[in-house]
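Scroll down for the structure; my scribbles are underneath it.
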Amino acid sequence: MFQTSLHQHRLLRAVALGCAILAGAVCVHPLCANPSLSPEKPTMNEQPLTLKQLAIAPIAANMAIGDMPRLHDALNHGLDAGLTLSEVKEVLVQLYAYAGFPRSLNALSLLMKVVQERAERGIEDAPGREPGPVPSGHALTELGTDNQTRLVGARVSGPLFEFAPAIDQFLKVHLFGDIFARDNLQWTDRELATVGALAAMAGVESQLEAHLKISLNVGLTAEQLRQVAAELQACGDVQAAERVVAGLDKIQR
């Protein structure tokens, strides 16, 4: 049953991509009903996101809002698309920093169930590799500060962090240190996960816009991020898709 729906999903995505590329073509697919959600035609020097990369945002989006049935399908789709167990676990672990421990723990429990179901069907998923060592103490603070600066594109400071210095420390040492120092997931993939999660949650548009900018800083393009929006819509996450597009339109003015 799942393989059939996966085949249909890929056909729908192919239709959406075709509609974005064929000028003047008439299409009734829902992605084409809103052209801003359809991926733009890649330039000569740009590659579209892989199926593996496209699978990350729907996993993150459904984890962030606790939609377990859709997350079940998204996890299966991601593993079928080539994500390793290490990569999927890392996405779900990282996102506790954005969606909270309860969502992360529930998602990891569901992943265990999905892996068991797949094993019973004779599917052996690639384990992937574990992250390398992460520094501690002052070295971790320096690394986290450097990672944050590189991701954002400038040193991060301001009244908010002066008002609540603890949050500044946690961001630098834990999020951008402990988590972003783990090298079993590329920064581009971490940002695809973060964008997917933030897009799914109402009321965090400013953080979504910040991470769309970070996505551009780490090498993703606006066209690839619109691909993410199209994928989210194709998976039924319509509001998340619209928030990605609105955020891109705002930061590109």
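The values are calculated or read from the model by the stated rules, or taken from the named source; none is laboratory data. Values in this document were obtained by computation on a predicted structure and should not be read as measured data. In this analysis, Cβ positions are derived from the backbone assuming ideal geometry, glycine residues included, and neighbour counts consider all displayed protein chains.
Restricted to segment 98-114, and to residues that are hydrophobic (A, V, I, L, M, F, W, C) and surrounded by fewer than 18 Cβ atoms within 10 Å (Cβ to Cβ), which residue is farthest from residue 188 (Cα to Cα)?
By that ranking, first place goes to 112.
Any chance segment 154-177 includes a residue that's closer than 17 Å to residue 93 by Cβ, touching a Pro at 6+ places or on another chain (Cβ under 8 Å) and either surrounded by fewer than 16 Cβ atoms within 10 Å (Cβ to Cβ) or free of Cβ contacts under 8 Å to residues at least 40 places away in the same chain (or both)?
No, every residue in segment 154-177 fails to be closer than 17 Å to residue 93 by Cβ, touching a Pro at 6+ places or on another chain (Cβ under 8 Å) and either surrounded by fewer than 16 Cβ atoms within 10 Å (Cβ to Cβ) or free of Cβ contacts under 8 Å to residues at least 40 places away in the same chain (or both).
Here's a check for you: in segment 216-253, which residue that is under 15 Å from the mean Cα position of the chain (by Cα), β-branched (Val, Ile, Thr) and more than 28 Å from residue 68 (Cα to Cα) is surrounded by the fewest Cβ atoms within 10 Å (Cβ to Cβ)?
Among those that are under 15 Å from the mean Cα position of the chain (by Cα), β-branched (Val, Ile, Thr) and more than 28 Å from residue 68 (Cα to Cα), it is 218.
In segment 199-235, what residues are in contact with a Pro (Cβ under 9 Å, 6 or more places away or on another chain) and more than 18 Å from residue 95 (Cα to Cα)?
221, 223, 224, 226, 227, 229, 230, 231, 233, 234, 235
Residue 207 is checked against (1) farther than 23 Å from residue 156 by Cβ; (2) part of a helix (DSSP H, G or I) and fails just one. What number does that condition carry?
Failing condition for residue 207: (1).
Please verify whether residue 97 is touching a residue at least 12 places away in the same chain (Cβ under 8 Å), within 24 Å of residue 223 (Cα to Cα) and not charged (D, E, K, R), treating the condition exactly as stated.
no
Does segment 203-221 include one or more residues that are within 23 Å of residue 142 (Cβ to Cβ), aliphatic (A, V, I, L, M), in contact with a helix residue (DSSP H, G or I) (Cβ under 6 Å, 6 or more places away or on another chain) and modelled with pLDDT of 95 or more?
yes
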